[in-house]
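Note sheet for the following structure.
The values are calculated or read from the model by the stated rules, or taken from the named source; none is laboratory data. Keep in mind that what you see is a predicted model, and the values were worked out from it rather than measured. Glycine gets a Cβ as well: all are built from the backbone with ideal geometry, and neighbour counts include every protein chain shown.
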Amino acid sequence: MSVEVTEDAALGGRLRLRQPKRGHRVGHDAILLAAACPARAGERAVDLGAGVGAAGLALALRVEGTEVVLVEVDAGLARLAAENAQLNGLSARARSTVLDVAAPVRAFTAAGLGPESVAHVLMNPPFNDPARQRVSPDGRRRLAHAGSGSTLPVWIKTAARLLRPRGTLTLIWRADGLADVLQALAPTFGGATVLPVHPREEEAAIRVLVRATKASRAPLALLPGFVLNDRSGRPTAQAESVLRDGAALPLSEI
C-alpha cells in the first residue's frame, strides 16, 4: 500500500525531509536531540528508532565528518530515511538499516553494528505508556510514541552494548519521567547531564534531554532550562539559534 508523502524543511531549510503526510511527523524533539549529541568529526553515531532520519541527519549536517547509522524497525520509514540522506547529500556518511532496537546481538552485528563499535548513540524512544496515557489509533504514530514500561530499559541496554567505553548516550524523554530515565541509566551509565525543555517562560518543563557516559562515575548535573517560546508565544533567541540556525546545545560539550 502506497503512503502519501510530503517534503518538508527543517533547520531553516537546510535539512529537507520526506515523511508520511499522516501519522508521526518530525518536530522539535528530533532537532533538539541532534543538537545535544557530542559527536565529533571522524566518530560514528547511531540513531536508534530513527524514523525518517531527522535527528541523525541533523547531526550529520551539524558535524562534518561524522558517520551516522539510522536504525528503524519500519521498513517504509527506513526507505524514506535513506532517501532523505541522499536528498541532503549525506549518503556517503549516513545509511539506513531496518532493525528492531530490541533485536539480538547477532542481528546488529550482521548490520555492521557489533558490540562497542560506536562512539555515540542518540534516541527518542516511544515514551507514552498505553496503560497510563491515550495513544493514537494511527499505527505508525502509535509505534513512534507508545511503549510499555520495559521499552526504555531495553533501548538503553541496546545503546550500552553498542557503545565503546566512555561513549555517550543522548536521549529525549517526558519531563515527568526523568526518574525512570535515571534509574534505567544507573547500571551502566554515569555523568548524566540533564537539560529541561520548557514550552514557554515560567511554565514547567515538558521534555528533558539527557546525556550520559558509559562507565562514568561522574555525578549528575542539572543545566539551566531551555525555553522554546517567550510569554507572547514567540520563539526565544536561544530556540531560534538551535532549531533554525543549527547551533549546538550545552550537552554537546563533554
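Among the residues of region 204-238, those identified as of a type in the set (A, V, I, L, M), surrounded by 20 or more Cβ atoms within 10 Å (Cβ to Cβ) and in contact (Cβ under 8 Å) with a residue 40 or more places away in the chain are Leu209, Val210, Ala212, Leu228.
So that you can scan it fast, the table gives a plain yes or no per residue for (1) in contact with a Leu (Cβ under 8 Å, 6 or more places away or on another chain); (2) crowded, with 17+ Cβ neighbours inside 10 Å; (3) of a type outside the set (D, E, K, R):
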{"residue": "Val69", "(1), (2), (3)": "yes, yes, yes"}
{"residue": "Leu77", "(1), (2), (3)": "no, yes, yes"}
{"residue": "Glu83", "(1), (2), (3)": "no, yes, no"}
{"residue": "Leu90", "(1), (2), (3)": "yes, yes, yes"}
{"residue": "Arg95", "(1), (2), (3)": "yes, yes, no"}
{"residue": "Phe108", "(1), (2), (3)": "yes, yes, yes"}
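Checking the structure you have, find out if any residue of region 1-21 is within 27 Å of Ala160 (Cα to Cα), free of Cβ contacts under 8 Å to residues at least 40 places away in the same chain, not in a strand (DSSP E or B) and not acidic (Asp, Glu). Within region 1-21, none of the residues are within 27 Å of Ala160 (Cα to Cα), free of Cβ contacts under 8 Å to residues at least 40 places away in the same chain, not in a strand (DSSP E or B) and not acidic (Asp, Glu).
Within region 158-175, residues that are more than 16 Å from Val71 (Cα to Cα) have Cβ atoms under 6 Å from residues that are surrounded by 16 or more Cβ atoms within 10 Å (Cβ to Cβ) and acidic (Asp, Glu) in these pairs: Ile172/Asp29, counting only partners at least 6 apart in sequence or on another chain.
The condition of being outside any strand (DSSP E or B), over 22 Å from Pro125 (Cβ atoms) and among the hydrophobic types (A, V, I, L, M, F, W, C) holds for only one of Leu61, Leu57, that being Leu61. Screening region 179-203 for residues that are under 26 Å from Glu240 (Cβ atoms) and not β-branched (Val, Ile, Thr) and picking the one that is surrounded by the fewest Cβ atoms within 10 Å (Cβ to Cβ) gives Glu202. Where strands (runs of 3 or more DSSP E) sit wholly within region 147-247, those with at least 1 residues that are more than 20 Å from Leu122 (Cα to Cα) and modelled with pLDDT of 95 or more occupy 189-200, 226-229. Quick check, is Ala41 in a helix (DSSP H, G or I) and either out of contact with any His (no Cβ under 7 Å at 6 or more places or on another chain) or of a type outside the set (A, V, I, L, M, F, W, C) (or both)? Answer is no for this residue. Checked against (1) over 18 Å from Val242 (Cβ atoms); (2) β-branched (Val, Ile, Thr); (3) touching a residue at least 24 places away in the same chain (Cβ under 8 Å), Val63 meets all criteria but (1).
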